[in-house]
Each structure stands twice: as structure tokens, then as C-alpha cells.
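Chemist: Quick one: the structure is below, questions incoming.
The values are calculated or read from the model by the stated rules, or taken from the named source; none is laboratory data. Model, not experiment: these values are computed from the prediction. So basically every Cβ, Gly included, is an ideal-geometry build from the backbone, and we count neighbours across all protein chains shown.
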Amino acid sequence: MLNIETDSSLWAAYCNSKNSEPLGKLFKRHHDMLYALAYRITGNASDADEVIQIVSEIVLEAEKESLADVRKAVPWLKGVIVNSANKYIQKEMRLRERHKRASDTGRFNKISSDEIDCHYDESLADKIKEVLGELPMRFALPIELHYLKGMSWKQVACEMDKSEDAVRKQAQRGLIKLKAIMEKRGVTPAELMVSGILGS
């Protein structure tokens with residue numbers, strides 16, 4: 001007799017054990033639907049991916065006793081997606097507005113290609129600039145401020161109103177995303193060894 005894993009059984013299995021595998025199966029089963037919902041709210045593929053990641057972390061960090069009270073996992077997850085996506089957009093808008101105000105007041109200017117020291121390809125600086133513009137602001141801003149504008153991590157943390165550890169982690173995740181996007185666009189690993197940014 002086949003053992004069919006329902007959404008309810010996977011959720012219960014996750015809530016009643018230390019194993020995260022059932023949760024992974026549940027997310028994989030409904031990934032397209034959850035992603036489409038996040039994308040519809042954010043309007044951006046990278047932002048939608050980030051919302052899915054945020055929701056995964058919310059569930060993994062939540063007390064399992066409280067999760068056990070959830071009667072229908074998928075509708076609950078959809079609600080968390082909606083709330084997280086809306087909060088994410090609000091945070092992005094605040095960061096973009098803060099960045100704009102800082103640029104307008106001359107605290108730091110927009111990235112110029114000559115600020116990016118590229119040893120392999122003169123067009124690489126433009127490619128990095130372009131991809132940075134596509135990344136969520138929470139990842140792009142710490143990369144720009146620290147690696148391109150020369151701010152210390154303490155200054156970046158103050159600018160973004162976050163802890164130094166948080167902005168370092170965001171920059172690290174941003175660099176991973178930056179590399180992945182550029183590799184998809186045909187930039188070789190050797191070309192990605194950019195002085196002061198990807199080579200650090």
C-alpha cells in the first residue's frame with residue numbers, strides 16, 4: 001500500500017520532529033505557487049526569491065509548538081508570504097529613499113564605472129554596475145557603500161540602521177547573488193576576480 005504524504009502529514013511530521021526534511025518536501029511541492037504569489041506582490045524575480053528565503057527562515061526559526069496549532073499549512077504559508085512580501089517591499093522602499101536622499105545631499109554619489117577596478121575586461125565594470133542595480137537594495141547597498149565608496153562596516157551599519165554583523169551578511173549574500181547572475185551572463189570565474197570586490 002502506498003504511503004501518500006499529504007500536506008497535513010508533512011506539516012505534522014515537521015512539527016513533531018527535529019528533522020526539517022518534511023518541511024523541505026512541503027516547500028518543494030508548493031514552490032511554484034508560493035513563488036508566483038511572492039512575484040505578484042514584489043514584481044521582481046530576485047525579490048520573490050528573497051521573500052521565499054525569508055519565509056523559510058521564519059518557519060525554521062519558529063517554535064514548533066506554535067506551528068503545531070496551524071490547521072492548514074499551505075493557506076498559512078500563503079499568508080506568511082503575503083505579509084513578508086509586503087514588509088519586504090516597505091523595507092526596500094525605505095532603503096531606496098534613504099539612498100536617494102544621501103545621493104541628493106552629496107553624502108555619496110551614484111556608482112561610476114571608473115570606481116570599479118577591473119583587470120580583465122573594461123566592460124566588466126559596467127556589467128557589475130548593471131547587476132548591482134538589479135539586486136534588492138538590502139544587498140546592493142552594503143556592497144556599494146563598503147566596496148565601492150570605501151565606507152567602513154560601522155559606517156555602513158549606521159547608514160542602513162542595522163548591526164555590523166547584519167550588513168556584512170547582507171553584503172556576503174549580495175556578492176553570491178552578483179556572482180551567480182554574472183556567471184549566467186557568460187562572465188568567467190577568472191573575470192570575476194575583481195580587485196576590491198569579488199576578489200576579496
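Chemist: Could you check the range 124-170 for helices (runs of 4 or more DSSP H) lying wholly inside it with 2 or more residues that are within 13 Å of the chain's Cα centre (by Cα)? If you could, list the steps in order and put the result at the bottom.
Modeler: Values: elements: 124-134, 137-143, 153-160.
Per the criteria, 124-134, 137-143.
Chemist: Those residues that are surrounded by fewer than 16 Cβ atoms within 10 Å (Cβ to Cβ) and over 20 Å from F139 (Cβ atoms), I need them from the range 47-66; list them, please.
Modeler: Within the range 47-66, L60, E61, A62, E63, K64, E65, S66 qualify.
Every residue, every condition in (1) more than 28 Å from K162 (Cβ to Cβ); (2) of a type in the set (S, T, Y); (3) modelled with pLDDT of 90 or more, yes or no:
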| residue | (1), (2), (3) |
| --- | --- |
| G24 | yes, no, yes |
| D32 | yes, no, yes |
| Y35 | no, yes, yes |
| A38 | no, no, yes |
| E61 | no, no, no |
| S66 | no, yes, no |
| G79 | no, no, yes |
| L95 | no, no, no |
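Chemist: Counting residues that are within 21 Å of the chain's Cα centre (by Cα) and within 29 Å of K179 (Cβ to Cβ), which helices (runs of 4 or more DSSP H) fully inside the range 1-77 reach at least 1?
Modeler: Correct list: 21-42, 45-61.
Chemist: To continue, here is another question. Please work out which one of (1) in contact with a helix residue (DSSP H, G or I) (Cβ under 9 Å, 6 or more places away or on another chain); (2) without any contact (Cβ under 8 Å) to a residue 24 or more places away in the chain is the condition D32 fails and give its number.
Modeler: The one condition D32 does not meet is (1).
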